[in-house]
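First comes the structure, then the notes that go with it.
The values are calculated or read from the model by the stated rules, or taken from the named source; none is laboratory data. Because the structure is predicted, anything quoted here is derived from the model rather than measured. All Cβ positions, glycine included, derive from the backbone under ideal geometry; neighbour counts span all protein chains shown.
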Amino acid sequence: MTDDALERCTTEQRNAASADISSKSALEIVTIINAEDLKVAPAVGRILPEIAALAEAIAGAFKQGGRLFYIGAGTSGRLGVLDASECPPTYGTDPALVQGLIAGGPEALTRSLEAVEDDSGAGKKELEARGFNSRDVLVGITASGQAPYVLGGLEYARSLGAVTGAISCNRESKTFALAEHKLYAGVGPEVVTGSTRMKSGTAQKLILNMLTTTAMIRWGRVYKNLMVDMKPVNQKLVLRAVRMIRELSGCSGEEAETALEASGGNAKTAVVMVLLGTDKSRAEELLARADGRVGGIPGIL
């Protein structure tokens, strides 16, 4: 990328509101930062239809046996890995269903390895190694939209006919030319010029939350507003599962505990067991017929 191209990036512009921030007190500094942060949610709100369309495509891919991959560098890559890593415990999914790729690999999660994002072939190689195919979805995350690592990955995914999406805070993002779903979060210049871990990173996190949460809900991994597919792998989560069964069915805590144990630790199955007064085998059969949706079972609202 040329210096002229970088200079045109929204994320590289100077912010007039923080022009003299180096001379401010701590309270004045955090006040300026907070005022700028308040612009993030409205910016994301302006592209809700685009976010929804990509989330629907992701849910569709899940139903067809496809997977979701995030690809990014630096802060953007770390956010993708974070969102992917939180799906299995929250929604009971296989770790392979949502995967985060970051330029530089696992080491880049805790160390800044800025040079690695310039390798345009690395993204493609990583996708190939993970068996990325036309049923999968690739979402490129890059604040400026210029990272060759991300561009290479998107170009490869597009060549396979896979669904592609791009999240960027720069209107002239190069990723948009390679993505079917273009998510431009116009948060404006950063408080510290070019420090895209700030507003840009916040916007990306909000969007990623929406993508996986919406896709999981549309896929039937949530009933009402409860994560019925969560894995109760520690004491806190066991208590949460018991409370969830109790709240959804109106049964006692003791009955909820008994149902959870009888279900083999599957809160969703336990909910159906209690609501319909049936056993584990029948509850699993009903869920299978309803594509895993508790609300899709006759007799359950």
When residues of the stretch 240-275 are filtered for being in contact with a strand residue (DSSP E or B) (Cβ under 8 Å, 6 or more places away or on another chain) and more than 28 Å from A55 (Cα to Cα), how many remain? 1
Being over 28 Å from the mean Cα position of the chain (by Cα), buried (at least 18 other Cβ atoms within 10 Å of the Cβ) and over 27 Å from K236 (Cβ atoms) narrows it down to one of L260, L286, L301, L275, so name that one. L286
Total residues in the stretch 27-53, condition among the aliphatic types (A, V, I, L, M), surrounded by 14 or more Cβ atoms within 10 Å (Cβ to Cβ) and not in a helix (DSSP H, G or I): 1
Taking the stretch 148-172 and keeping residues out of contact with any strand residue (DSSP E or B) (no Cβ under 9 Å at 6 or more places or on another chain) and either on the phi > 0 side of the Ramachandran plot or modelled with pLDDT under 95 (or both) leaves P148, G161, E172
Members of the stretch 98-128 found to be buried (at least 21 other Cβ atoms within 10 Å of the Cβ), closer than 30 Å to V222 by Cβ and not polar (S, T, N, Q), listed by number: V98, G100, L101, I102, L127
Listing of helices (runs of 4 or more DSSP H) fully contained in the stretch 54-166 that carry 2 or more residues being within 18 Å of the chain's Cα centre (by Cα): 74-85, 87-91, 148-160
I want to confirm something. Restricting to the stretch 233-271 and keeping residues that are in a loop (DSSP other than H, G, I, E, B) and among the hydroxyl-bearing types (S, T, Y), which single residue is farthest from R293 (Cα to Cα)? S252
Those residues that are of a type outside the set (A, V, I, L, M), surrounded by 23 or more Cβ atoms within 10 Å (Cβ to Cβ) and in a helix (DSSP H, G or I), I need them from the stretch 196-208; list them, please. K199, S200, Q204
Would a scan of the stretch 47-63 turn up a residue that is under 25 Å from R293 (Cβ atoms) and among the β-branched types (V, I, T)? yes
Which one is modelled with the lowest pLDDT among residues in the stretch 120-147 that are closer than 27 Å to T10 by Cβ and not small (G, A, S)? Q146
When residues of the stretch 209-239 are limited to those that are β-branched (V, I, T) and either under 18 Å from the mean Cα position of the chain (by Cα) or within 18 Å of A55 (Cα to Cα) (or both), the one surrounded by the fewest Cβ atoms within 10 Å (Cβ to Cβ): I217
Being touching a Ser or Thr at 6+ places or on another chain (Cβ under 9 Å) and either in contact (Cβ under 8 Å) with a residue 12 or more places away in the chain or in the same structural domain as R14 (by TED's automatic domain parsing) (or both) narrows E50, E36 down to just E36
Select from the stretch 17-26 the residues that are free of Cβ contacts under 8 Å to residues at least 60 places away in the same chain and either surrounded by fewer than 13 Cβ atoms within 10 Å (Cβ to Cβ) or in a helix (DSSP H, G or I) (or both) and list them in ascending order. A19, D20, S22, S23, S25, A26
Is it the case that G295 is in contact with a strand residue (DSSP E or B) (Cβ under 7 Å, 6 or more places away or on another chain), of a type outside the set (A, V, I, L, M) and either under 29 Å from R78 (Cα atoms) or touching a residue at least 40 places away in the same chain (Cβ under 8 Å) (or both)? yes
With (1) in the same structural domain as D291 (by TED's automatic domain parsing); (2) at pLDDT below 95; (3) small (G, A, S) as the list, and A259 as the residue in question, which single condition is left unmet? (2)
